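Every number in this text was worked out from the coordinates using simple rules, so none of it is lab data. All of these numbers come straight from a predicted model, not from anything done at the bench. Cβ coordinates were reconstructed from backbone atoms using ideal geometry, including for glycine residues, and neighbour counts include every protein chain displayed.
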Amino acid sequence: MSASSQSRITALVRSALAVPVVIAGMFAATSSAHADTLPAPQFCSFPVERTIVTDNTKRITNPGGDRKTGHLVVEFANPANGKSVTYNVSGATQFSQSGNILTETFTGPSFLLMGPGGRANTGGPAISYLRGRTVLTVDLTLGRVLTLETTAPNTDVCKVLA
């Protein structure tokens with residue numbers, strides 16, 4: 001993994017810890033696994049190890065908004081009890097921005113990490129695995145998810161790992 005890829009992943013995790021904002025498979029392409037720990041209680045009631053197993057995604061810039069496509073596999077683990085789950089989250093994502101509002105549209109499987117403010121606004125879990133069309137809006141000034149609309153089943157990864 002390049003130093004810039006690892007720096008971007010670290011920066012995204014830090015932003016989720018500093019402000020209650022979503023991270024949704026937004027990683028630079030990498031060919032090797034990268035792991036980090038999502039601390040309790042920011043996400044689950046226990047620390048969660050997240051490993052990006054495969055990331056061959058690419059971002060395509062378009063006038064109407066950017067698009068992220070490619071193969072992405074992520075594993076979440078609870079080191080206290082040894083439970084883990086691996087998800088293929090290779091669905092395409094469309095990004096568009098109007099002022100300080102970012103809209104993300106996921107068209108296939110995806111994962112979301114949401115801080116307390118975003119969870120309060122949406123009722124969604126801290127770590128979600130979704131398997132279908134999902135649209136969320138993020139207030140970039142507040143660093144908070146405002147809305148989460150989905151027709152997809154929403155798996156609470158914390159419950160799976162508990």
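On full extension, the segment bounded by LYS159 and LEU140 gains 4.0 nm, given 0.36 nm per residue less the C-alpha separation.
Figure legend: label point modelled 7 angstrom from the Cα of THR107 along Cα→Cβ; residues of segment 47-62 with amide N under 19 Å from it are 56-62. Karplus-derived 3J(HN,Hα) values for segment 98-111, using 6.51 cos²θ - 1.76 cosθ + 1.60 with θ = phi - 60°, are 10, x, 9, 9, 9, 10, 10, 10, 9, 10, x, x, 7, 10 Hz; glycine and proline are entered as x.
Remark: segment 59-68, residue by residue, has Karplus-estimated 3J(HN,Hα) of 9, 10, 8, 10, x, x, x, 7, 10, 10 Hz, where x stands for each Gly or Pro and the curve is 6.51 cos²θ - 1.76 cosθ + 1.60 at θ = phi - 60°. Note that segment 151-156 has calculated 3J(HN,Hα) couplings of 9, 8, x, 10, 8, 7 Hz, one per residue in order, obtained from phi through the Karplus relation 6.51 cos²θ - 1.76 cosθ + 1.60 (θ = phi - 60°); glycine and proline are x. In a DSSP loop and with at most 15 other Cβ atoms within 10 Å, the trypsin sites (Lys or Arg not before Pro) in segment 115-145 are ARG133. Overall form of segment 23-160: oblate. Here a/c, set by the Cα gyration tensor axes a ≥ b ≥ c, is 1.5 or more, and a/b is not larger than b/c. What does a probe at ALA120 reach in segment 130-162, counting residues whose amide N is under 20 Å from the point 7 Å along Cα→Cβ? Taking a point 7 Å out along Cα→Cβ of ALA120, the residues of segment 130-162 whose backbone N falls under 20 Å are 137-149. The label-point distance for ASN100 and ALA40, in a model that sets each label 7 Å from Cα toward Cβ, rounds to 3.5 nm.
Is segment 45-121 rounded, prolate or oblate when judged by the Cα gyration tensor, a ≥ b ≥ c being the square roots of its eigenvalues, rounded requiring a/c under 1.5 and prolate requiring a/b larger than b/c? Intermediate values should be presented prior to the final figure.
Numbers: a/c = 3.27, a/b = 1.49, b/c = 2.20.
The shape class here is oblate.
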